[in-house]
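Written out below as structure tokens is the structure these notes cover.
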Amino acid sequence: MFSNLLVRKFVKDYKNTKDKRVREGYGYLGGVVGIIINLILFITKAVIGLLLNSIAVTADAFNNLSDVASSVITILGFKLASKPADKEHPFGHGRLEYISGLIVSFMVMLVGFQFIKASIERILNPKEVTFNLLSFILILLSIGAKVWISSFNKYVGRAINSSSLKASSFDALSDVVTSSCVAISLLSSKFTTFPLDGYIGVVVACFILYSGFSLIKETLNPLLGEAPDEELVNDIIEGVKSYEPITGVHDLIIHNYGPGRTMASIHAEVPSNVSILKIHEVIDEAERELSRKLDIYLVIHMDPISTDDKAVLKDKDYLEKILLDFNIIKSFHDFRVVGAGEIKNLIFDIVIDSKTNLSEAEEETLKEDITARIKEQRPQYNTVITIDREFSHI
């Protein structure tokens, strides 16, 4: 409820999350809230840690300080990512948001390594930790604050589909665990002189490292080229197929240049006997309307196919039955019959499972096997086969 109230108060036109300025406003709000709360937590825990001579509390305090820096970098990431396209970057600077998240992740990892070292030193050279009720209560309050920050970042991250803010939400949630360990450390000092503080510090540091590793993976995936959202893939495919006289689609490729900056290309199968001017008009309309509707830049390539030549359709049906016997083949497309007289070339592409890794020799063997099966009943036919991988994003 409070998260929604903050968004309504500080983000103008907050419902229009497709707008880049609105998205930027969400990012700024998430960063500023993170800076304010984490700065308060850092100061509070740092003072407590120094007063109690607790490495676990101090470790947790500097973890909050790193979160302040993380929020600053998040704001800078959104600011730089919003820069318009230029000559060197024709699709904009959207991926800088991912890079800012990656920097934050490495900062989290650095803090974890530093405090593993400090915690091991405390185990080897233990010092007394004094329990203080007020300090203990303040740690519990910080846990509550981190739970809220995690919830807020998750809410904002989902609203604008930001991997950076979602990662910040996960980072805050891991802080809940680390602060809980600190609270246990303080409480245990009332009942034992065992140097539990150092061991709790190691646990805290390990959670920080785990959080950093998870964040690196989360932010690195879109930079490397992770699979696109299935809903977007289906929307593009079904959207293109909804335009008459398009009969099928294939070779969908989606390029991610940052949140809200997506380019897609797809091949659309159209009847070869329809006027090219009419097809061109339909393709233009589909590109324009789907680009606007899905907030992407869509390019459609048309592939003419024969739909009324009975001999070609018969050959296509024959090929389809043969390919059913090859389990690794998902589909085929761009089927054409070229040549005059009895000797002809069957030209087509086959799509194999993306999980199947074939060597060049194995690909040639697959083509030869398909050709041999075709020649069982069509000995006069030659084949020109292209192997495609089942992918839709780079």
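From the list 300, 266, 279, 283, which residue is out of contact with any Asp or Glu (no Cβ under 9 Å at 6 or more places or on another chain), under 29 Å from residue 18 (Cα atoms), among the β-branched types (Val, Ile, Thr) and buried (at least 18 other Cβ atoms within 10 Å of the Cβ)?
283
Assess whether residue 238 counts as being in the same structural domain as residue 166 (by TED's automatic domain parsing) and either without any contact (Cβ under 8 Å) to a residue 40 or more places away in the chain or closer than 24 Å to residue 17 by Cα (or both).
For residue 238, the condition - in the same structural domain as residue 166 (by TED's automatic domain parsing) and either without any contact (Cβ under 8 Å) to a residue 40 or more places away in the chain or closer than 24 Å to residue 17 by Cα (or both) - is not met.
Please find, among 164, 185, 169, 179, the residue that is buried (at least 18 other Cβ atoms within 10 Å of the Cβ), touching a helix residue (DSSP H, G or I) at 6+ places or on another chain (Cβ under 7 Å) and without any contact (Cβ under 8 Å) to a residue 40 or more places away in the chain.
Result of the check over 164, 185, 169, 179: 169.
Just to be sure I understand the filter: pairs with C-beta atoms under 7 Å, separated by 6 or more residues or on different chains, first member in region 286-307 and assigned to a helix (DSSP H, G or I), second member surrounded by fewer than 20 Cβ atoms within 10 Å (Cβ to Cβ) and aliphatic (A, V, I, L, M). Which pairs pass?
287/299; 294/232
For residues in region 3-17 being of a type outside the set (A, V, I, L, M) and part of a loop (DSSP other than H, G, I, E, B), which is nearest to residue 158 (Cα to Cα)? First the steps, then the outcome.
Here is the first cut: in region 3-17, the residues of a type outside the set (A, V, I, L, M) are 3-4, 8-10, 12-17.
Remaining after also requiring part of a loop (DSSP other than H, G, I, E, B): 12-17.
Working: 12: 17, 13: 17, 14: 13, 15: 13, 16: 14, 17: 10 Å.
In this case the residue turns out to be 17.
Here is a yes/no grid of residues against (1) in the same structural domain as residue 220 (by TED's automatic domain parsing); (2) of a type in the set (S, T, N, Q); (3) in contact with a helix residue (DSSP H, G or I) (Cβ under 8 Å, 6 or more places away or on another chain):
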residue	(1), (2), (3)
314	no, no, no
322	no, no, yes
325	no, no, yes
332	no, no, yes
351	no, no, no
358	no, no, yes
369	no, no, no
376	no, no, no
386	no, yes, no
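Would you pick out the residues in region 343-394 that are β-branched (Val, Ile, Thr) and either assigned to a loop (DSSP other than H, G, I, E, B) or over 15 Å from residue 332 (Cβ atoms) (or both)?
Correct list: 343, 356, 365, 394.
If you check residue 35 against the conditions, is it crowded, with 17+ Cβ neighbours inside 10 Å and either within 19 Å of residue 152 (Cα to Cα) or modelled with pLDDT under 80 (or both)?
Spelling it out, residue 35 is indeed crowded, with 17+ Cβ neighbours inside 10 Å and either within 19 Å of residue 152 (Cα to Cα) or modelled with pLDDT under 80 (or both).
Within region 268-289, identify whether any single residue is hydroxyl-bearing (Ser, Thr, Tyr) and over 19 Å from residue 351 (Cα atoms), and answer yes or no. Quick ask: steps written out before the conclusion?
Residues of region 268-289 hydroxyl-bearing (Ser, Thr, Tyr): 272, 275.
From what's left, over 19 Å from residue 351 (Cα atoms): 272, 275.
Yes: region 268-289 contains one or more residues that are hydroxyl-bearing (Ser, Thr, Tyr) and over 19 Å from residue 351 (Cα atoms).
Does residue 210 satisfy the criteria of being out of contact with any Leu (no Cβ under 7 Å at 6 or more places or on another chain), part of a helix (DSSP H, G or I) and buried (at least 16 other Cβ atoms within 10 Å of the Cβ)?
Judged against the criteria, residue 210 is not a match.
Kindly establish whether residue 22 is in a helix (DSSP H, G or I), farther than 26 Å from residue 108 by Cβ, touching a helix residue (DSSP H, G or I) at 6+ places or on another chain (Cβ under 9 Å) and of a type in the set (A, V, I, L, M, F, W, C).
Details: in a helix (DSSP H, G or I): yes; farther than 26 Å from residue 108 by Cβ: yes; touching a helix residue (DSSP H, G or I) at 6+ places or on another chain (Cβ under 9 Å): yes; of a type in the set (A, V, I, L, M, F, W, C): yes.
Against the criterion (in a helix (DSSP H, G or I), farther than 26 Å from residue 108 by Cβ, touching a helix residue (DSSP H, G or I) at 6+ places or on another chain (Cβ under 9 Å) and of a type in the set (A, V, I, L, M, F, W, C)), residue 22 qualifies.
When you check residue 342 against the structure, is it farther than 20 Å from residue 273 by Cβ, among the charged types (D, E, K, R), outside the structural domain of residue 301 (by TED's automatic domain parsing) and at pLDDT below 85, yes or no?
Judged against the criteria, residue 342 is a match.
Select from region 314-325 the residues that are surrounded by 14 or more Cβ atoms within 10 Å (Cβ to Cβ) and either assigned to a loop (DSSP other than H, G, I, E, B) or of a type outside the set (Asp, Glu) (or both) and list them in ascending order.
First pass over region 314-325, keeping only residues surrounded by 14 or more Cβ atoms within 10 Å (Cβ to Cβ): 315-316, 318-319, 322-323.
Result: 316, 318, 319, 322, 323.
Looking for something at pLDDT below 80 and either in a loop (DSSP other than H, G, I, E, B) or acidic (Asp, Glu) (or both) - is there at least one such residue anywhere in region 240-250?
Checked against the condition, which is being at pLDDT below 80 and either in a loop (DSSP other than H, G, I, E, B) or acidic (Asp, Glu) (or both), region 240-250 yields no hits at all.
The values are calculated or read from the model by the stated rules, or taken from the named source; none is laboratory data. Quantities reported herein were computed from a predicted structural model and do not represent experimental measurements. Note that each Cβ is placed from the backbone with ideal geometry, even for glycine, and that neighbours are counted across all protein chains shown.
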